[in-house]
1. Of (1) at positive phi; (2) not β-branched (Val, Ile, Thr); (3) not in a loop (DSSP other than H, G, I, E, B), residue 125 satisfies all except one. Which?
2. What about residue 77, is it open to solvent by less than 30 Å² (accessible area, probe 1.4 Å) and either more than 28 Å from residue 635 (Cα to Cα) or modelled with pLDDT of 90 or more (or both)?
3. Which of the residues spanning the range 168-216 are of a type in the set (Ser, Thr, Tyr) and free of Cβ contacts under 8 Å to residues at least 24 places away in the same chain?
4. Just need a number here: residues in the range 127-164 that are of a type in the set (S, T, N, Q) and in contact with a Leu (Cβ under 8 Å, 6 or more places away or on another chain).
5. Looking only at the range 1-60, count every residue that is at pLDDT 50 or above and within 30 Å of residue 459 (Cβ to Cβ) and tell me the total.
6. Quick check: is even one residue across the range 685-695 assigned by the TED database to the domain that holds residue 741, buried (at least 18 other Cβ atoms within 10 Å of the Cβ), under 28 Å from the mean Cα position of the chain (by Cα) and at pLDDT 70 or above?
7. Quick one: is residue 418 out of contact with any helix residue (DSSP H, G or I) (no Cβ under 7 Å at 6 or more places or on another chain), farther than 21 Å from residue 213 by Cβ and either among the acidic types (Asp, Glu) or in the same structural domain as residue 187 (by the TED database) (or both)?
8. Can you tell me which of (1) open to solvent by 50 Å² or more (accessible area, probe 1.4 Å); (2) modelled with pLDDT of 90 or more is the one residue 160 doesn't meet?
Amino acid sequence: MTSHPSQKHPLCEKDATKEKAASTDVFVQIKPYEWSKARVLTETESEATVQVFDKSNIGVSIQTVSLNDYPHQRLPLQNVNVYDDLIDLPFLHEPGVLWNLRSRHANCHPYTRSGPNVLIAVNPYQWLSQLYTSKEQERYRHSTNEKLPPHVYEMAQQAYQGLSQQNQSILVSGESGAGKTETVKLCMRFLSQYGDSKITDRLWYANPVLEAFGNAATKRNDNSSRFGKFLTLQFDVDCQLVGGRCDIYLLEKSRVVGIAPGERNFHILHQIAAAGTVANLTSPCSEFKCLTGKRKESDRSDYATTLEALHKMGICGEDLHTLQQALWVILHSSNVVFANDDGRHDSRAHVEDESSITILADLLGVELPFLAESLTIKTMHAGKNSKIQVPLTVEQAREGCHAFAKELYAQAFHWLVEQVNRATTSPNETRSIGILDIFGFESFEENHFEQFCINYANEVLQSKFAEDVFQSLLTEFREEEIDLGVGYDTNRDVLELMSNGVLSFLSEECIRPQGTEAVFVRKLHQSYGASSRFVQGDSQHTFGIRHFAETVIYDAHGFIETNRDKVPSNLLSLCSSSTNHIVNRVALLHGISQSNMVKNTVLFKFNKQLVALMRSLNSTRTQYIRCIKPNLCNEPLKVKDGVILRQLQSSGVVAAVAIARSSFPHQMDHCKIMRRFRCFGARLNASAPTKVQVMCSLVIAMRDYKGPCDETFSDAVMVGRTRAYFRYNALEYLEHKRNSNFEFFALIIQSQFRGFVIRRDLARHRDAAIRIASWVRSFQARALVKKMPGSAHRIQHWYRSHKVRRRKDIKINVAKKIEINCIRSPSCTIQDRCHFAAIKIQQLVRRFHQRNHLQVLSKQEEARGVDCHVAANLCTSRLGSPISVLIESESAIETKPADRRFSRQHTMYKIENMETPRRDQSASSEK
C-alpha cells in the first residue's frame, strides 16, 4: 500500500465545515516531508499567496504557491483542536496527522489512537513516570465505560479482555530507537498483574537475559534489538498468567565479526570481557578485535545483573560455565590472524601466532595441531573412502573462522532461549497473548542482505495489517450488500517480486557452484524489468524495489555467501570433537552433510519461520502499536517533520486512518440487536422484515445520538443483510444507554423491594410494640393489684383525717361565731329577745281570737244543719283561711283523744304558717 502526502478520501473531510477553524488557515509544503502553517491572503484558480508561520505561530514570510501541486487544487486546511484519536480529525491528511502528533508530543502525551486497534507511540526519549505508575495500571485495568486517554496499557487491556473469545496478539513495530523494546516491557508489566508473582518474576528476569545476548549499541540506539522475537504469554482457563515462551527470528549474527564504525558488539561480549572470570582468563576489551566502539564503565555491573538473571532462569553451575566458555571461544577466535607461507595472495595460509589459538584449543577441548589444521585446510571427499585435503588461502581461512564464530554465537543464543523457555513455559496453556517485537522498515545509503530480509518481513506484516484493516472489512461489506466506495492499494505485487523473484533466483545461484551476484541481478532484470515495483540499478550488482514505504536500492555484493551461511566441513568436524556441548550444536544442527543446500540457506530458514509466525498471527486478533522516532539525535521533546512523515508513510498510518474512519469497526447480528436493545421499549411490527425491525429499533434507540463531527444515526450505523455495523463511538453509545436503562430499572426494583422490606419490618415492629405495650400494661396492672389493699387503707386514712380536719374546722368556725356573739353588747341581746317575745305574744293572741271566732261560726252552721266539712269550707271562704284543716284536726282530736294535744299543736302550726304573711304586714305597719 502506498501513501502520499496528497492522498485523501472524500469522507476524510465530512462535516469538516463545522470546525471552527477559519477557511484561510492552511498547511503549505516547504520541502519534501516538511509542512508549515500558513494563512491565505489572496487566492486564484491556479495559485495562492500565503503568509507562512513558524512553529511559534509567528509570520516569517509571504510566499506564492501553485495549487496544481496539491490534491484537488486546494491547500490542506488546519484543525483547530488536538484529538486523542486520529479518526476524529475533521480534516484528515498527512500535515494534519503530523501537527496533531507534534502537539501531543510537546505536551508529554506520547500515545495517540488511530482507530480501535492501532496505537501510535512517539518516543519521548525521557521517562514519563506519571504515565506508568501502579495507579495508572489499576485505572486502565478496571476501566468500564470511562473514556481514558490512549495508552499502551489500553492496548494490553483490550487484548486481555478479548481472551474470552480468541487468542490475542500485539504487533509492535518501528525503526531502531523508536522504543519497541520499552513498549514490549510495558505490555508485559501490565499483563503480569494477572499472574502469580513467582511466574511473573521469571518472565521479567528473561528480559535482561535476552537483551544482553540479543541487543547492541548502534548509531541510532544504545540498546537496539538485533533480532526479532515473538513472546507468547500463556493463560489458563481462568485467564490467569501461568507462563510464557519466546521465539526468535533473524538474529544479526554478522555483527559478531563485522561492526560498523561507532557501534558496539552484543552487550554480553563486552560484559564478559570486562569481567573476565572464566578459567582464569582476564583480558581487557581492547585485546579482542571484535570488540570495538566506546567502552562503558557499567559493563562489569551489567554482567553481574545478567548473571543474576541467568541464575533466576536456572542457568548456573556447569551450564553457565559452558555458556561462558562458548563466549570466550568467540572472543578469542576474533584474534586469530592468518598469513601466507610465501607472501603471495593465493598461497597456503597458516596461523601467524600459535599463541592466539592455544587458549582457543583449551576452551574447545581439542588438540592444538587439530585446531590449526581445521582452520587452514579444507577436506574434500572424492568417493566413498578417498579424501582430498586442499589448503585454504588467507581470505578463505578468515571467512571460515568468521563463519564458525557467527554460527557458534547463533547456536549459543538459541540454546539460551531454549533454557529460558524451559524455565518459563507452562503445560496448562489454554489461551495466549502474543507480543511481536520486530525490526521496522530499514533504508540506508547502502542496503545489503540483512536489510532485504528485514524489509521482506515488514512487507509480509504490512500485508497482514492491510488484510486486517482493509480487505477483510471490504469483503464482508460486499457480502452484506453495503457499498463504502473506498479502496486501497495492496502490496501483493511486491511480495510476488520478493518471494518468487529474489528468493528463487538467489537460491538458484546459491546451488550453482559458480553462482555470482551479477548473474542473480541479471536474471531479475530480465524477468521483472517491466514491473512497476522493480527498479534497475546503476551497476550490475545493484537493484531496487518500490516497497510500500519507499524505494530501496540494494547492493547484491555478499548476498550469495551470506545466504549460504556455510561453515567449512573441517570446522564442523572440529565442533563435533569439542567437549563443550554448545559447540557441539554447531555440527549437530548445522549438519555435517550439506546435500540439500537450499534448506540450509538463511532465506529458506527465515521464510519458514516467517510462515509459521504468520500462521500464528492469523489465528489471533491483532492489536497494532506503531512506534515512531521523532528525531535522529535522540533528544527529548524535539520533532523532525521529515523523520516522522517518512515513518508515517512506511507504516501506512494515514491510509489506515482513512479506511478506519470510513468503516465501521463494530458489528452485531440482527437477532442479537433485537434481543440486546429491546429494553429501549420500541414497539415493532412482527410481520415486517428483520432488517426493517432492526432499523426502526436502532432509530428509536439512537434518536439523541451525536457523534464526532456531529455524526447522526445515518452516519454512524449501516444495517446490512444479516447484521448491522457501527462506527467507533456508536456502539459504545448504545451500550452506555442500555446500561443506564438497566441502572434505572434496577433502581425501581430496588426501591420496590426496599419498600416491601420496610413495610414488612414496620408491621413486625408494630405487632411487637403492641405486644410489648400489652405486656407492660399487664405488668403494671398486676403490680397495681398487688398494691391495692395497702392503698385502700391509705385512702380510708386520708378520708378520715379529712373528716376530722373538717369537723375541727367547723368547730373552730362555730367557736368563732360564739365568740363573736358573746362579744356583742347585752342591750342588743335583750332588745332582740323582747322583740321576739312580742312577736310570739302577738301570734298567740291572734291565734286565740281566730280559734274563738271559728268555733262560733262552726256552731252557727251546724245549727243550720250544714255538714262540718262544708261548714269549714264556707268559713274558709269567708275568712280567707283553710278552715278545713282546722276542722279535720278537730275531728281527728275527737277520734283520738290521746293525740289531741299533738294534733292541735300541729294544726295551730299550720294556721300559723298560713297567717304569717298577714302578720308580716301588720308587723311592718306597726314598725
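The values are calculated or read from the model by the stated rules, or taken from the named source; none is laboratory data. None of the values given here were measured: they were computed from a predicted structure. Virtual Cβ from ideal backbone geometry, glycine too; neighbours counted across all protein chains shown. Heavy atoms of the whole protein, side chains included, go into the accessibility calculation; ligands, DNA and RNA do not. Shrake-Rupley method; radii C 1.70, N 1.55, O 1.52, S 1.80 Å.
1. So residue 125 meets the others, but not (3).
2. Working: open to solvent by less than 30 Å² (accessible area, probe 1.4 Å): no; either more than 28 Å from residue 635 (Cα to Cα) or modelled with pLDDT of 90 or more (or both): yes.
No: the conditions fail for residue 77.
3. First pass over the range 168-216, keeping only residues of a type in the set (Ser, Thr, Tyr): 169, 173, 176, 181, 183, 192, 194, 197, 200, 205.
If the condition is that a residue be of a type in the set (Ser, Thr, Tyr) and free of Cβ contacts under 8 Å to residues at least 24 places away in the same chain, then 197 is the only one that fits.
4. First pass over the range 127-164, keeping only residues of a type in the set (S, T, N, Q): 129-130, 133-134, 137, 143-145, 157-158, 161, 164.
Then drop every residue that is not in contact with a Leu (Cβ under 8 Å, 6 or more places away or on another chain), which leaves none.
So the answer is 0.
5. Filtering the range 1-60 for residues at pLDDT 50 or above gives 24-60.
Filter once more, so that each one left must be within 30 Å of residue 459 (Cβ to Cβ): 29, 31-35.
Within the range 1-60, residues that are at pLDDT 50 or above and within 30 Å of residue 459 (Cβ to Cβ) number 6.
6. Checking the range 685-695: not a single residue is assigned by the TED database to the domain that holds residue 741, buried (at least 18 other Cβ atoms within 10 Å of the Cβ), under 28 Å from the mean Cα position of the chain (by Cα) and at pLDDT 70 or above.
7. Values: out of contact with any helix residue (DSSP H, G or I) (no Cβ under 7 Å at 6 or more places or on another chain): yes; farther than 21 Å from residue 213 by Cβ: no; either among the acidic types (Asp, Glu) or in the same structural domain as residue 187 (by the TED database) (or both): yes.
Here the answer is no, as residue 418 does not meet what is asked.
8. Answer for residue 160: the failing condition is (1).
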